[in-house]
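The values are calculated or read from the model by the stated rules, or taken from the named source; none is laboratory data. From a predicted model like this one, the values you see are computed outputs, not experimental measurements. Here Cβ is always computed from backbone atoms with ideal geometry, including for glycine, and neighbour counts include all displayed protein chains.
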Amino acid sequence: MISEQKIKKWVEIYLDHINKISIETHIKDEEGYKFQAVETFQKNFDIEAQDLGDMLDKSIIVNNLVVGAHYFPRKMLLIFASQFPDKTREILRNLFNEDKDIIARINEAHADLDRLMDIQNKELGGEAHSYAGLRFLSLLLGYHNPEAYNAMKPREWRAFAGYINDEFKIAPKTSEGDKYKILSEHTDALLEYIKGNEQIEKIRGSLTRGLDFDDLGYRWITQDVIYVTARLLKDEYNKEKEQIEKIEQVETSDEDNKDDNKSETIGDPEMQFQWEKELENFIVRNWERISIEEGLTLYEDEDGEIGQQYPTDSGAIDILATDKDNNFVVIELKKGRSGEKVVGQILHYMGWVKSNLATNGQDVRGIIIASDGSVRLTNAVGMVADKIQVKYYRVGLDFIDPK
């Protein structure tokens, strides 16, 4: 059930942020480009254009709105428009046909673009994915009719829906059209709440100042509220998680030294965290060269977003992967020495993946990666050894004199 109190809190976080940095800074340094992107599409889009590819290239600005999968959905749409102009034109006409049900339109566009991708793959001998999922299709809808449709970034929208509705869930294999419908119910609840809010109205007016596009439907200011707060909450969660890990690292060392009657220390925790805080990004960037386990592949969703900081109902999974048998692997990175609390955390994430992503009997297991472990961690993992394993990493730094 959607909670108005939770919606209120979500909006308060957004407004506090805007008040802190100023509306002008928000427009210039954060989200103003999105409203300009709508304006650009509105001025350039013409379904009857003789050169469909050139028209789409001018209409769809290269920016963070289309950054998913390295801009691949946009790139492929331009390629399709060049190689299959009639089919691409018909797909867009169908997607924008207001006489048809929105769920059907999104699902048909998703399937039709995938079919064009299959043709392209057969001709080139490739296995590429169009990534024309909910993110890109809802963006096209939001560009074309900004008063009626929600341009969604599915990760942030799922985080928002889960925040305001404890019962929110999108079942595995839900179609892109049905996902849009489910998420729109939550988006519309926020939209109705912010309508008439004087502060929101001032921000909306500032974001559309000088544009023909005025966002009278409140769709894009709603998008702004969802995305900004989701980003802020994610940053806050990561900071809290890091602080907890620092405390746990010291506590774990103290307890182990007490239990083992040792006097060794782990060094300066702050220095170690600064040294290792890029561990996750390093692993993801060098995935093909780092041997965590043979056959592991980074998970990618329908929109081409990889499984790094994958959102759940209580925080984000550090890395989500699939193994050679297509089962899910939840990877939790612990900076420094790890205690037993991480076992409960990773089990929760594994349960969420099983309920929300796994299909057709897919299994879920976990890998904890830390620089070192405690006796308590060893004991805790020993009870679930069939589901969770621990791996330790080493970070080294060598100094070499020049010859």
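Below are the figures for this structure:
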read-out	value
Selection count, the range 169-195, where residues are surrounded by 19 or more Cβ atoms within 10 Å (Cβ to Cβ) and either among the basic types (Lys, Arg) or not in a helix (DSSP H, G or I) (or both)	1
Subset of the range 131-150 [modelled with pLDDT of 95 or more and in a loop (DSSP other than H, G, I, E, B)]	ASN145, PRO146, GLU147, ALA148, TYR149
Any hit, the range 59-73, residues being crowded, with 16+ Cβ neighbours inside 10 Å, at pLDDT below 95, in contact with a Ser or Thr (Cβ under 7 Å, 6 or more places away or on another chain) and not aromatic (Phe, Trp, Tyr)	yes
Residue check for THR359: touching a residue at least 60 places away in the same chain (Cβ under 8 Å), exposed (fewer than 14 other Cβ atoms within 10 Å of the Cβ) and outside the structural domain of LYS169 (by TED's automatic domain parsing)	yes
Checklist (1) buried (at least 16 other Cβ atoms within 10 Å of the Cβ); (2) of a type in the set (A, V, I, L, M); (3) within 23 Å of GLN36 (Cβ to Cβ) applied to ALA148, failing item	(1)
Residues located in the range 18-41, provided they are of a type in the set (Lys, Arg) and within 12 Å of LEU65 (Cα to Cα)	LYS34
Residues satisfying the stated conditions in the range 107-147, i.e. under 21 Å from ASP224 (Cα atoms) and of a type in the set (Phe, Trp, Tyr)	PHE136, TYR143
Unique match (being more than 27 Å from GLY133 (Cα to Cα), in contact (Cβ under 8 Å) with a residue 60 or more places away in the chain and either not charged (D, E, K, R) or not in a helix (DSSP H, G or I) (or both)) among SER371, SER291	SER371
Candidate set from the range 281-294 (those that are of a type outside the set (A, V, I, L, M) and in contact with a strand residue (DSSP E or B) (Cβ under 9 Å, 6 or more places away or on another chain)); member that is modelled with the lowest pLDDT	ASN281
The range 163-200: number of residues that are in contact with a Ser or Thr (Cβ under 8 Å, 6 or more places away or on another chain) and among the small types (Gly, Ala, Ser)	0
Conditions (1) under 19 Å from the mean Cα position of the chain (by Cα); (2) in a loop (DSSP other than H, G, I, E, B): number failed by GLU156	(2)
Residue check for ASN121: modelled with pLDDT of 95 or more and in the same structural domain as LEU78 (by TED's automatic domain parsing)	no
Number of the condition not met by ILE106 [criteria: (1) under 25 Å from ASN64 (Cα atoms); (2) at pLDDT 95 or above; (3) surrounded by fewer than 20 Cβ atoms within 10 Å (Cβ to Cβ)]	(3)
Long-range neighbours under 8 Å by Cβ, at least six apart or interchain, first residue assigned to a helix (DSSP H, G or I) within the range 83-98, second surrounded by fewer than 16 Cβ atoms within 10 Å (Cβ to Cβ)	ARG89/ILE47; LEU92/ILE47; ARG93/ILE47; ASN94/LYS100
Residue check for ALA321: closer than 28 Å to MET76 by Cα, under 24 Å from the mean Cα position of the chain (by Cα) and part of a strand (DSSP E or B)	yes
Residues within the range 9-34 that are more than 15 Å from ILE60 (Cβ to Cβ), in contact (Cβ under 8 Å) with a residue 24 or more places away in the chain and surrounded by 13 or more Cβ atoms within 10 Å (Cβ to Cβ), tallied	13
Of the criteria (1) in contact with a strand residue (DSSP E or B) (Cβ under 9 Å, 6 or more places away or on another chain); (2) surrounded by fewer than 20 Cβ atoms within 10 Å (Cβ to Cβ), which one TYR131 fails	(2)
Test: residue in the range 204-220 that is of a type in the set (Asp, Glu), outside the structural domain of ASN356 (by TED's automatic domain parsing) and not in a loop (DSSP other than H, G, I, E, B)	no
